[in-house]
Amino acid sequence: STAGEWSNHVVQAISEAITLDGDLQQVVLRVMSAKDAQTGEMTAKWEFLDPQGNPLKPRRPAGVVLRDLQLLKPFFYLSAVRDAAREFQPRSTFWGPFLRNPTIPDDVRRDLEADLDALNAKVIAADDKLKDVKQRLEKTGGIVSIRTTDAVAIEAVPGKARDLLSRAQVSVSGRTGARLPMTRHGAGTQSLSVLFLFESFLNSMLERIYGAGSVPIVAVEEPEAHLHPAASRALWKAISDMPGQKLVATHSGDLLARVPLANVRRFCHDGTAIAVRQLQAGTLDKD
């Protein structure tokens, strides 16, 4: 919308899709979807357009240019079913990156792992049954060739910092002070936790994964699900503070009451199609 708004990195990444609109650079992407009459499947077609609406023919395959655009504008969708048990798994899309390859300085990591070894030794030494198991397992050395000293180790505590993180779980304390795992809380609290986990992902991991200059498009379905009306009203600020462009689908009048009117779109059936309606500028005065 303004001259010089795009960095050199952005311009270089998608130069083949850029055209001029007066003094401003622009990218026009058309997506069409239709049902294939022969196969019965939905097919999609993606095209970059020139100012006259004609398809461009970039030097590289259009799919490669599209991929570069999607790295700059990654799209994320949060469905109405935001299950903390699934989203806080070590391999989940938003929680997993925080647990993998932790950026702990080497000197701190060595100190941590020395402390873990010492803690593990204390745990084993405190339980006679485990000491007995260790001693009997060491008898293996009388039959097959193994190390003569410290041949058997029992890891009650993970010895590596990254292994310890892989088992991390989130707990939340209620007003009574009782600390419960996130999955033991109500559906509303779980839903909110996934929203804010996603916000952390955008703030901390987006550029690491998608590259510098990435600005997301975020679609959130019914963020008010399972929430008290008062909580729904407070939710809009949290959503609007998230990075990038937000597309929010809601049935909540409480949430909608906090959204600026210029940001509201109403979808309704208009014959055989869906019409999108909005208030035009100047329709309403302050009163």
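The values are calculated or read from the model by the stated rules, or taken from the named source; none is laboratory data. Here the structure is a predicted model, which means the values were calculated and not measured. Counting neighbours? That spans all protein chains shown, and the Cβs are built from the backbone with ideal geometry, glycine included. For the accessible areas, the whole protein counts, side chains as well, though only heavy atoms, and no ligand, DNA or RNA atoms are used. Shrake-Rupley method; radii C 1.70, N 1.55, O 1.52, S 1.80 Å.
For the reader, a short list of remarks on this structure follows.
- Among the residues of segment 12-35, those identified as assigned to a helix (DSSP H, G or I) and more than 18 Å from Glu207 (Cβ to Cβ) are Ser15, Glu16, Ala17.
- Segment 113-130 - residue that is aliphatic (A, V, I, L, M) and under 36 Å from the mean Cα position of the chain (by Cα) and, of those, nearest to Leu165 (Cα to Cα): Leu116
- Residue in segment 89-102 that is over 27 Å from the mean Cα position of the chain (by Cα), exposed (fewer than 14 other Cβ atoms within 10 Å of the Cβ) and without any contact (Cβ under 8 Å) to a residue 60 or more places away in the chain present: no
- Residue count, segment 208-221 (criterion: among the charged types (D, E, K, R) and either closer than 21 Å to Val81 by Cβ or within 12 Å of the chain's Cα centre (by Cα) (or both)): 1
- Top-ranked residue of segment 17-53 - restricted to ones that are touching an Asp or Glu at 6+ places or on another chain (Cβ under 9 Å) and among the hydrophobic types (A, V, I, L, M, F, W, C), ranked as nearest to Thr2 (Cα to Cα): Leu24
- Scanning segment 136-176 for residues that are farther than 24 Å from Leu112 by Cβ, over 29 Å from the mean Cα position of the chain (by Cα), at pLDDT below 75 and loosely packed, with under 12 Cβ neighbours inside 10 Å returns Arg136, Lys139, Gly142, Ile143, Val144, Ser145, Arg147, Thr148, Thr149.
- Ala80 vs. criteria of a type in the set (Gly, Ala, Ser), in contact with a helix residue (DSSP H, G or I) (Cβ under 7 Å, 6 or more places away or on another chain) and in contact (Cβ under 8 Å) with a residue 60 or more places away in the chain: no
- Residues of segment 7-32 that are exposed (fewer than 13 other Cβ atoms within 10 Å of the Cβ), at negative phi and among the small types (Gly, Ala, Ser): Ser7 alone.
- Single match in Leu255, Leu261 (criterion: of a type in the set (A, V, I, L, M, F, W, C), more than 24 Å from Ser173 (Cβ to Cβ) and touching a helix residue (DSSP H, G or I) at 6+ places or on another chain (Cβ under 6 Å)): Leu255
- Residue match in segment 222-239 (condition: in contact with a Leu (Cβ under 8 Å, 6 or more places away or on another chain), surrounded by 10 or more Cβ atoms within 10 Å (Cβ to Cβ) and under 17 Å from Glu87 (Cα atoms)): yes
- Filtered by the rule that a residue be among the charged types (D, E, K, R) and open to solvent by less than 60 Å² (accessible area, probe 1.4 Å), segment 182-220 gives a lone residue, Glu199.
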